[in-house]
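Novice: Handing you this structure, nothing more for now.
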Amino acid sequence: MLMVIFGAGASFDSSPTYGINEEPPGSNADDRHNAYNRLPLAKDLFANRPLFINILDRFPQCKAIVPRLRDQAVLTGEKSIEALLKEIEDEAVNYPPAKRELAAVQCYLQSAIWNCEHRWKAVTRGITNYLTLLREVRRTRKAEEPVLLVTFNYDTLLEDALEQLGFEVRSMSDYFSGRGPFILFKPHGSINWVREVDSDVPANVDHRDQLALQSYMIENAGELKISDRFVFCIPDFIANANGSGRPSFPAIAIPVEKKQVFQCPTQMIDEVAKLLPTVTRVLIIGWRGTEEHFLNLLKGHLKPSAVSGCIVAGDHTGAEETKRNIYRALKTNALVPNPRLEHAGFTQFILGRQLEQWLAPSEPWYR
């Protein structure tokens, strides 16, 4: 069985029409998309984009930590934003306001990615590398064999591509049943997911006022009782996500180093665990391999001796180091013995026909 793992680099380089350009914003159209519309890499989640600044104004509780998350060392790759957020998470043990800051970060991430995705969809019009990849996988897959898709991205570009192929995701169960050949696993949550809140909200807080309700939940994050009931939502209208009348909170995992908790329904994790022993091929696109909790899941269920792999991590600044880090992570954990390294990004992998070559009948994919 094939497993495809997507990281932030996949959504960043999701358009075959609008390439990625590392230069500062200027007159080039690609530069403007990087600065305003393109879905961000982890290091740019708190970038000084006009859209992101406006959304930060809605969640002022996290503004005090934004300078740390915009550190030049983060932008250059010397430090990871995950490491800095882990520091803040550790500080919350003895500094209660940090819990409010992190709750505000979750609300910010949901709104920022939702609005950024809306802009990106208007630019790409559904013409994405995700769609082409799914088409090729569907065309060449072994009959009756499922395909496991794993994305650490909060966005819904992958769901949109599935829908264009006729596999709609309209309920939580649709992620792992009824999607034809595809099973979709989102371990870090999604911009269109929330978890119902069991805590009572005072009568003087207007449940119909989105910002007032979110502000109350952020201010009381330390005492908030958030259930494990995941439901779909429209991110800017999460107060009554499924008509239950109960408030809800974004089902978004804060990107921190060595995170041990998944932000998804338990049944989704269980279904993936059942499938992992049957995986024989792994394709990694734009993922840095730093999610320890997922690596442990793989380590506990994959059969390494039967697995071959391919790593696609781009050719931009830092890409080679990223590929080497993933290579080491897979080998060190005895997950994929000798993964193949592609000197290409997502777009190059699609347009250069490397994907088709990797899925060709001559490869073990058909054995």
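We did not get these values from a lab; they are worked out from the coordinates using the rules stated. Just so it is clear, the model here is predicted, and its values are computed rather than measured. Note: ideal-geometry Cβ built from the backbone for every residue, glycine included; neighbour counts use all protein chains shown.
Novice: Between Arg68 and Arg353, how many nm apart are label points set 7 Å from Cα along the C-beta direction?
Specialist: Each label point is offset 7 Å from its Cα along the Cβ direction, giving 5.1 nm.
Novice: Run a plain Debye calculation on the stretch 1-121 (Cα atoms as equal point scatterers, no solvent) and give log10 I(q)/I(0) at q = 0.13, 0.22 Å⁻¹, rounded to two decimals, same order as the q list.
Specialist: Here the Debye-derived log intensity ratios amount to -0.57, -1.35.
Novice: Determine the shape class of the stretch 116-234: with a ≥ b ≥ c the square roots of the Cα gyration tensor eigenvalues, call it rounded for a/c under 1.5, and otherwise prolate if a/b is greater than b/c, oblate otherwise.
Specialist: Prolate shape, in that a/c is at least 1.5 and a/b is the bigger ratio.
Novice: Follow-up question, since we're still on this one. Applying a 10 Å radius around every beta-carbon, put 148-154, 84-90, 287-293 in order of their mean neighbour count, most first.
Specialist: Top of the packing list down: 148-154, 287-293, 84-90.
Novice: Determine the gain in length on full extension of the stretch Leu341-Ile127; use 0.36 nm per residue of separation and subtract their C-alpha separation, reporting nm with one decimal.
Specialist: 74.5 nm
Novice: Further question on the same structure: Provide the packing ranking of 201-214, 260-273, i.e. peptides ordered by the mean count of other C-beta atoms within 10 Å per residue, highest first.
Specialist: 260-273, 201-214
Novice: Order 135-146, 92-103, 5-16 from most to least packed using the mean count of other Cβ atoms within 10 Å.
Specialist: 5-16, 92-103, 135-146
Novice: Measure up Lys142/Lys186; Lys121/Lys303; Lys121/Lys186; Lys79/Lys303 against 31 Å on the Cα-Cα distance and list the ones that go over.
Specialist: Over 31 Å Cα-Cα: Lys121/Lys303; Lys79/Lys303.
Novice: To continue, here is another question. Could you work out the Rg to Rh ratio of the chain, with Rh taken as the Kirkwood radius (inverse of the mean 1/r over all Cα pairs)?
Specialist: Checking Rg against Rh, the ratio lands at 0.95.
Novice: For Val205 and Asn296, what is the calculated FRET efficiency with R₀ set at 35 Å and r taken between the beta-carbons, to the nearest 0.05?
Specialist: The value I calculate is 0.30.
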